[in-house]
Amino acid sequence: MSSSRRWEQTSSTRTSRALVDIVKRLPRIWADRSRARQLAAGLVVDPGEVPVAPDALLASWVRDACATPHRRPGTPEGARAEDWVAARFREMGLADVALDPIPIPVWQARRGTLTVGGQAVPCFPVIHTAFTATGGLTAPLAWVGTGTAGDFARTDVAGRIVVADVPFPRMPTGLLMRGLKACYHLSDPGGQIGLSTTQHLNFVRQNFIGGVASAEEATERDVYWQAVRRGAVGLCLILRDQPGNSNTHYGPYDGILKPVPALWIGCEDGHELRRQARAGVQATMVLEGSVEPGVMHNVWGVLPGMSDEVILVTSHHDSPFQGAVEDASGMAQVLAQAWAWSQVPRERRPRTMVFVIDAGHFHGSQGAHGFARTHADLMARARILITLEHLGGKEVAGTDDGYVETGRPAFTVMFTSSEPTTIASVIRAMTTFPPLRTAAIPSDLLAPVPTSDASGYVAESGVPVISWIGCPYYLLDEHDTLDRLDFSQLRPIARTVTELVRIHMALP
Ligand SMILES: [Zn+2]
């Protein structure tokens, strides 16, 4: 049995275990849902008009945000995005617009290459890993499968370049949401979620999750740190389950500088590399770049209401590449709420709104954590956190050399915390203005906190949360371009979010 086959079994065992955990929770989810449905019908909403930003304005925000090839934390491109957000907040008349600085090391690669048997292998640097000496390093390859203890026991990797598969879990979206009804509400007006609908979660590198700063802290399953512990001089990591042979995977984005250089390899390009690694062929890898001290900023502003209770609306400005969906789309939705509510008289805003477009989602979510820590007083007054990310993206499937659009919108979830009124607000807004292919799920269904930029706020403060987010396959790679976004959806999405805010303005 090949080690990758064995992994698939291990991995499906793990997926089954996760499913069993969810099944055990179903009665509670269904009970919460039926109680919230009754509450939803009785919610009182201010009947007055709230304007919805016109299509052209929403589209112009997305295009302006995408004017640079990336918005990486601490770079000039990142700083431009911060200034751009602040300018939009100011022109909408928000009060106390501020840029809170957060110092970070700015890691930038100039060059990453892999040469095996005289042939260049397409690759992309694993961010925040060590640089090679100029000219690179040459060593024999060593294949370790997915890097289980057994794989490493069979192969001496000291002084070698480790080649390994990095798998993603597959979420049985249709079974969970339509079959088991493991959600508070499913909005699918086109009937586009079937029982067999599934999706790889490509932000979950199962054997290289990230967030670990040393081999001692790492689990046995962590292929990167296990290779480091055993003296490997470099790693080539094959994105086994990433559709489209894409290798420009920008992760893990934990902001932790790591001691050994590593490169990502696309799944199709990985086939030949696996054979060469099994044969112990010599390879040369080059990873050149710099790490300099830098700074990124959380950008935020206030729209005062009739009380100092806060409705917090957030997204993040940083992005690995052009980032039309991740997260120009989220920024546009935050701006849409600032634009809309700044035109409503203060008397019709019982609560204060605080808009944050934070920094360093791609640097350990330090912006979100930092904001919640720095502004603990504000977080204590926050009645609800609404985080908006990756909304309006088109779904794609992979081919051998790229992506192809399926004609459907990318599936999105609203991580919703379990307070009955929070669930009721989501059901009410999703019923009044139904979004496409969206499931409201418990905020802790996949992890203790939402797997989104809301995690930092929730982890630091325990604030009730509605975190609306999609996860199309191109999210972390260079193919997150303007043509991936369905611009016609920006306005309907803004309208659903406005309805959510209206409900939270009026809650007792
Ligand atoms: Zn995002």
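The values are calculated or read from the model by the stated rules, or taken from the named source; none is laboratory data. Everything quoted here is computed from the prediction, not taken from an experiment. Cβ sites come from the backbone with ideal geometry, for glycine too, and all protein chains shown count toward neighbours. Heavy atoms of the whole protein, side chains included, go into the accessibility calculation; ligands, DNA and RNA do not. Shrake-Rupley method; radii C 1.70, N 1.55, O 1.52, S 1.80 Å.
Points to keep in mind about this one:
- Top-ranked residue in segment 163-185 [being in contact (Cβ under 8 Å) with a residue 60 or more places away in the chain and in a strand (DSSP E or B); ranked as surrounded by the fewest Cβ atoms within 10 Å (Cβ to Cβ)]: 170
- Strands (runs of 3 or more DSSP E) within segment 243-326 that include 3 or more residues open to solvent by less than 40 Å² (accessible area, probe 1.4 Å), within 18 Å of residue 115 (Cα to Cα) and within 16 Å of the ligand (Cβ to nearest atom): none
- Inter-residue pairs, beta-carbon under 6 Å, first over 13 Å from residue 39 (Cα atoms) and in segment 417-431, second among the aliphatic types (A, V, I, L, M) and crowded, with 22+ Cβ neighbours inside 10 Å, 6+ apart: 417/465
- Segment 20-38 residues that are farther than 19 Å from residue 446 by Cβ, paired with ones that are among the hydrophobic types (A, V, I, L, M, F, W, C) and crowded, with 19+ Cβ neighbours inside 10 Å (beta carbon under 7 Å, 6 or more apart): 36/423; 36/424; 36/427; 37/427
- Taken as a whole, segment 464-471 holds at least one residue that is assigned to a loop (DSSP other than H, G, I, E, B) and away from the ligand (no atom under 16 Å from the Cβ).
- Lone unmet requirement of (1) away from the ligand (no atom under 16 Å from the Cβ); (2) open to solvent by less than 10 Å² (accessible area, probe 1.4 Å); (3) among the charged types (D, E, K, R) for residue 419: (2)
- Among the residues of segment 70-94, those that are farther than 16 Å from residue 297 by Cβ and open to solvent by 30 Å² or more (accessible area, probe 1.4 Å) comprise 91, 93.
- Residue within segment 351-368 that is in the same structural domain as residue 483 (by TED's automatic domain parsing), open to solvent by 10 Å² or more (accessible area, probe 1.4 Å) and more than 16 Å from the ligand (Cβ to nearest atom) present: yes
- Number of the condition not met by residue 334 [criteria: (1) open to solvent by 20 Å² or more (accessible area, probe 1.4 Å); (2) over 22 Å from residue 255 (Cα atoms); (3) within 16 Å of the ligand (Cβ to nearest atom)]: (1)
- Number of positions in segment 140-150 that are buried (at least 22 other Cβ atoms within 10 Å of the Cβ) and not hydrophobic (A, V, I, L, M, F, W, C): 3
- Residues (of a type in the set (S, T, N, Q) and in contact (Cβ under 8 Å) with a residue 60 or more places away in the chain) located in segment 186-203: 187, 192, 197, 199, 202
- If the condition is being assigned to a loop (DSSP other than H, G, I, E, B) and under 19 Å from residue 493 (Cβ atoms), then segment 406-425 contributes 410, 411.
- Each residue in segment 388-405 was checked for being outside any strand (DSSP E or B) and either within 16 Å of the ligand (Cβ to nearest atom) or of a type in the set (Lys, Arg) (or both), and 3 of them qualify.
- Against the conditions (1) within 22 Å of residue 176 (Cα to Cα); (2) away from the ligand (no atom under 16 Å from the Cβ); (3) not in a strand (DSSP E or B), residue 441 satisfies every one except (3).
- Within segment 404-460, tally of residues that are closer than 30 Å to residue 46 by Cα and acidic (Asp, Glu): 2
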